[in-house]
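Colleague: This structure is in structure tokens; I'll ask about it shortly.
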């Protein structure tokens, strides 16, 4: 019989989850972030996705931090059919973000993130639009996860060691 042991005594602590029945410090800090508006429809979707991941119980009434995100989206054809129409495309989403302390206005963490996904253009126009929207949702979800992970890691690493 094999027994799988977790990382006992190695100093492992969950990044987002609970430890010993209490909320992790990173989760508490993430929940204190207000996400500023982001331009365009895709920007609003990214903002909503970030809010869902950072503050799942709702936006904070008295936030300690503010997150400013700038988003750049590109869509390019990767392959063409014999009649010159794109059959495969790639969507790339790039973001720059800055986390600031609301009270001091001091910039705490700046970073960039990138996500990309490929898609296949289908015959009817509606199907191609639906494929673009689906691809956009995938890169936005991936981007929100990447930003949340970077912020959580920063909060954990910026704490004094116990």
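FYI, it's all coordinate maths here, none of it is from the lab. Since the model is a prediction, treat every value here as computed from it, not as a measurement. Positions of Cβ are generated from backbone atoms using ideal geometry, with glycine treated the same way; all protein chains shown enter the neighbour counts.
Colleague: Between residue 116 and residue 57, take the C-beta separation as r, use R0 = 22 Å, and let me know the FRET efficiency to the nearest 0.05.
Modeller: Rounded to the nearest 0.05, the efficiency is 0.10.
Colleague: Right, next: Let me see the pair-distance distribution of the range 21-157: every alpha carbon pair, 10 Å bin width, integer percents in order.
Modeller: With 10 Å bins starting at 0, P(r) equals 12, 38, 26, 15, 8, 2, 0.
Colleague: Need the C-alpha centroid separation for the range 96-112 versus the range 26-54, integer Å.
Modeller: Cα centres, the range 96-112 to the range 26-54: 14 Å.
Colleague: Still on this structure, I have one more. Going by average Cβ density within 10 Å per residue, which order do the peptides 137-148, 55-66 take, highest to lowest?
Modeller: Result, highest mean Cβ count within 10 Å first: 137-148, 55-66.
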